[in-house]
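Report on one structure; see the data block that follows.
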Amino acid sequence: MIDSVAYSSKFRYKSPCLKFSFAMTTLILCVIDRSIILSLLVLTLMGALIIYSSRASLHFFMHLISIPILFVVISTITIMVNISESPLSGFAIPVFGKFITISRKGFYDGITLMLTALSSVSCLYFLSLTTPITDILIVLKSLHCPAIIIELVMLIYRFIFILLNLAHSISTSQKSRLGNLNFFTSLRSMAALTSVLLIRALNYSSSLYDAMESRCYDGTIYALQETQRVKKNEVITVVLIEFIFLCICIRKWWWY
């Protein structure tokens, strides 16, 4: 799905270096600033750009954002919730002579962390949904990233989708045979899926290496590179957006 959206995106033939710089600079500013205002602005902007470029619905973007929600919520709870001898200013529940409390500062820090994480993820979504993996690898190559890392990224990225499709096919086959009839049946099905997936992954990796060897693989994976011209108005737009975000960061630092 990610590949199909990236290749059909309206920003597909825009400069990958410009998109990479825009996404990474915005992500860095979000992490450095850690403010609710900037996080909401970035989340809204990236969501609008993704919806516009992919012609997808708001539901599609919300579905993407909901994927890392579980990890974000767990991290937020560890920051917000404390066990104290006395109740704090925000919220407190007495349990066995102690209090499970949430202070106002802890609640604010938790919400800030959640929004910062989601806005950072939205930056990565923008890059992955508007730029095919081959273009991203070309950008990494231009940044003099080690060749072994680039090849590992390409192979791992490819195998993720192969294994996901294989797992989906096996899961569909199990469901058609009532493999999830009850809890214990589901556990047995999951164990069988995992074992088969491991064996298939080893077979696929061996077949892939044989195919690469038959095509004169010499330790380097080559990809066709397309030259995308950077338009002046695109650069001005990106610089203007980043300048606004930077002003928000400086304004916060100035207040403190």
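The values are calculated or read from the model by the stated rules, or taken from the named source; none is laboratory data. Keep in mind that what you see is a predicted model, and the values were worked out from it rather than measured. Reconstructed Cβ throughout: ideal geometry from the backbone, glycine too, with neighbour counts over all protein chains shown.
Annotations for the structure displayed:
- Screening M190 against (1) in contact with a helix residue (DSSP H, G or I) (Cβ under 6 Å, 6 or more places away or on another chain); (2) assigned to a helix (DSSP H, G or I); (3) more than 23 Å from S4 (Cα to Cα) leaves a single unmet condition, (1).
- Where S195 falls short, out of the listed (1) under 30 Å from F20 (Cβ atoms); (2) modelled with pLDDT of 80 or more; (3) polar (S, T, N, Q): (1)
- Residue-level analysis places L127 outside the set of residues that are out of contact with any Gly (no Cβ under 8 Å at 6 or more places or on another chain) and without any contact (Cβ under 8 Å) to a residue 24 or more places away in the chain.
- Hits in the range 111-170 (condition: of a type in the set (D, E, K, R) and within 30 Å of I241 (Cα to Cα)): D135, K141
Per-residue answers, yes or no, for (1) of a type in the set (V, I, T); (2) over 19 Å from L115 (Cα atoms); (3) modelled with pLDDT of 85 or more:
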| residue | (1), (2), (3) |
| --- | --- |
| K19 | no, yes, yes |
| L38 | no, no, yes |
| I51 | yes, yes, yes |
| S57 | no, yes, no |
